[in-house]
Amino acid sequence: TTKATRYKVKDITLAEWGRREMQLAEAEMPGLMALREEYGASQPLKGARIAGCLHMTIQTAILIETLTALGAEVTWSSCNIFSTQDQAAAAIAATGVPVFAWKGLTEEEFDWCIEQTLFFGEGENRKPLNMILDDGGDLTNMVLDRYPELVAGIGGISEETTTGVHRLYERLKNGTLPLPCINVNDSVTKSKFDNKYGCRESCVDAIRRATDVMMAGKVAVVGGYGDVGKGSAASLRGAGARVIVTEVDPICALQAAMDGFEVKKMVDAVKEADIIVTATGNKDILTSKHFLSMKDKAIVCNIGHFDNEIDMAWLNGTYGSSKVEIKPQVDLYTLENNQQVLVLAEGRLVNLGCATGHPSFVMSSSFTNQVLAQLELYTNRDAYKNEVYILPMHLDEKVARLHLAKLGIELEELSKEQADYIGVTPEGPYKPTYYRY
Ligand code: NAI
């Protein structure tokens with residue numbers, strides 16, 4: 001038998017290292033391992049050709065092997081130019097999965113890598129993808145905008161992140177959504193865990209790995225107090241920084257204040273900031289006027305999906321010639337006022353550019369939702385219209401349940417009388433869909 005050999009990674013000899021890290025990760029990803037146990041024999045994804053575009057990390061390698069364990073064929077690219085862990089990409093390529101990802105892609109290589117994942121097999125066995133698994137919507141956009149002829153053969157899209165989900169709802173609103181989609185991000189066991197508790201670990205991790213700066217006592221500003229902002233602010237506070245939050249939404253601003261953070265406008269906050277992290281999923285959060293009032297050697301980074309939260313185009317256009325690379329993904333710029341700023345990961349999401357993303361355990365929760373979404377869309381396609389869906393509450397609770405034992409959590413059980421009293425069944429779901437957690 002010949003395994004597929006089509007792949008492009010940095011160095012295939014890193015595979016063994018990647019595999020050893022994957023073995024450690026498996027022990028931290030009980031949700032994915034439970035799905036392998038539950039569905040491995042019945043192969044429900046047999047016939048699925050899933051093209052995935054999601055940070056090619058060790059955790060994603062466990063997701064990929066869960067999809068293949070359930071019968072799917074998979075091709076993979078990374079959804080960010082800096083987020084690949086080369087040992088993870090190598091370990092996956094070594095198993096015969098066509099993976100096109102390495103750390104430090106150019107924009108052209110980024111597109112090329114995604115494009116390689118659209119077709120499976122060679123020669124007369126060449127077939128197009130029939131499922132999309134995306135993080136941020138770049139694969140989705142490529143297929144829908146540049147390969148519309150492939151859409152008819154595709155069962156659906158599962159989308160990982162806030163920004164990608166936003167793009168899908170926009171298409172739905174404009175009448176240009178040609179496929180059923182599952183919004184994985186808004187499973188409770190995704191956004192209220194990965195975005196929040198994930199960033200609570202990976203935000204400071206990234207800044208430390210990049211700069212080794214002392215956090216305690218410093219002033220840190222977090223732009224946006226959604227799920228990622230809440231996690232990032234907690235991360236910085238946990239490291240001893242004094243944290244200021246900026247917001248546009250009065251509810252989130254009030255939450256930040258009640259959590260004990262100062263809430264100010266960015267123009268004022270940057271003046272006292274040692275560290276600035278954008279977490280809005282919006283654009284132009286840090287622009288020329290902010291940069292020119294920053295303190296000397298302020299550390300600037302973004303943990304949202306795209307690099308337009310910080311006006312990198314302006315920074316590079318105006319001060320690109322002053323840029324000095326301290327090390328990969330850590331650049332020092334000198335501004336006209338002779339102040340310097342340290343920019344991490346070229347303004348792209350810092351926890352994946354300067355560190356290794358979120359820890360395995362929280363990604364297990366996210367990716368268990370991903371696999372359930374792929375299962376739903378592939379095996380139950382007729383139940384879905386060309387709209388954006390969220391997984392039902394009982395599946396959300398199932399994902400959480402699969403992660404309890406690892407933490408030694410023991411649940412109370414409802415008696416029939418108690419369940420009746422609060423209007424649920426003893427087995428759940430325990431909350432109505434309008435409950436906000
Ligand atoms: P969210 O919608 O929960 O939070 C964003 C917040 O930013 C909102 O509260 C909004 O009011 C606020 N905001 C918008 N414009 C603003 C402005 N001009 N100034 C101040 N605040 C503003 O979204 P979530 O889930 O927190 O995601 C944020 C971004 O992070 C998205 O791009 C998402 O895709 C990405 N993400 C990154 C992760 C990572 O590991 N780096 C993990 C999960 C999501």
| note | Of the listed links K190/K431; K230/K264; K190/K264, those spanning more than 21 angstrom between alpha carbons are K190/K264
| query | What is the spread of the Cα atoms of segment 294-336 along each of their three principal axes, largest first, in whole Å? | reply | 27, 21, 21
| query | Rg and Dmax of the chain, using alpha carbons, in Å: what are they? | reply | 22.0, 71
| query | Rg and Dmax of segment 54-138, Cα atoms, in Å? | reply | 12.1, 35
| Accessible-area value, W112, 1.4 Å probe, nucleic acids and ligands omitted, Å² | 100 Å²
| For I390, what accessible area in Å² do you get when you roll a 1.4 Å probe over the heavy atoms of the protein chains, rounding to the nearest 10? | 90 Å²
| Given the C-alpha centroids of segment 362-437 and segment 39-61, what is the distance between them in whole angstrom? | 21 Å
| query | What is segment 84-161's relative contact order, in percent, from Cα pairs under 8 angstrom and six or more apart in sequence? | reply | 23 percent
| query | Mean Kyte-Doolittle of at least 0.0 and a Cα length of 15 Å or more along the axis: which whole DSSP H helices of the chain meet both? | reply | 58-69, 360-379
| Which shape class, rounded, prolate or oblate, goes with segment 81-221 when its Cα gyration tensor gives a ≥ b ≥ c as root eigenvalues, a/c under 1.5 marks rounded, and past that a/b bigger than b/c marks prolate? | oblate
| query | Which order do T287, T106, T117 take when ranked by solvent-accessible area (1.4 Å probe, heavy atoms of all protein chains), largest first? | reply | T106, T287, T117
| field | Mean separation of Cα contacts under 8 Å (6+ apart) over length of the chain, as relative contact order % | value | 16 percent
| said: Just to be sure I follow: if Rg is taken over the C-alpha atoms of segment 352-437 and Rh is the Kirkwood radius over the same atoms, what is Rg/Rh? | reply: 1.05
| request: Roll a 1.4 Å probe over the protein chains and send me the accessible area per residue for segment 97-182 in Å². | output: 41 Å²
| Mind checking which aspartates and glutamates have their C-alpha under 15 Å from K218, skipping anything on the same chain fewer than 8 residues away? | E262, E272, D274, D296
| Percent breakdown of C-alpha pair distances by 10 Å bin, ordered from the shortest bin, for segment 303-416 | 11, 26, 20, 19, 16, 7, 1, 0
| Label point distance in nm, T379-R436, each placed 7 Å from Cα along Cα→Cβ | 3.5 nm
| Cleavage-rule hits (trypsin sites (Lys or Arg not before Pro)) in segment 330-437: DSSP loop, at most 10 neighbouring Cβ within 10 angstrom | K385, R436
| remark: Over its alpha-carbon atoms, segment 220-376 yields an Rg and a Dmax in Å of 16.3, 56
| query | Considering only protein heavy atoms, what is the solvent-accessible area of M214 at a probe of 1.4 Å, reported in Å² to the nearest 10? | reply | 120 Å²
| message | Roughly how far apart, in whole Å, are the Cα centres of segment 243-288 and segment 77-129? | response | 36 Å
| query | Taking the chain as a Gaussian network, where each spring joins two C-alpha atoms under 10 Å apart, which residue of D205, D284, D274 fluctuates the most? | reply | D284
| remark: Taking only protein heavy atoms and a 1.4 Å probe, the highest-to-lowest accessible-area order of D382, D11 is D382, D11
| For segment 1-147: span of alpha carbons on each principal axis (Å, largest first) | 38, 32, 31
| On average, how much accessible surface per residue is there in segment 238-310, in Å², for a 1.4 Å probe, leaving out ligands, DNA and RNA? | 45 Å²
| Carbon/sulfur fraction of accessible area - the chain, other protein chains in place, 1.4 Å, % | 51 percent
| query | Over segment 23-128, what is the mean sequence separation of C-alpha contacts under 8 Å (at least six apart), divided by residue count, expressed as relative contact order in percent? | reply | 24 percent
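The values are calculated or read from the model by the stated rules, or taken from the named source; none is laboratory data. Keep in mind that this is a model prediction, so the values were computed, not measured. No Cβ is skipped: glycine too gets one built from the backbone with ideal geometry, and neighbour counts run over all protein chains shown. Just the protein is used for accessible areas: all its heavy atoms, side chains included, with ligands, DNA and RNA removed. Shrake-Rupley method; radii C 1.70, N 1.55, O 1.52, S 1.80 Å.
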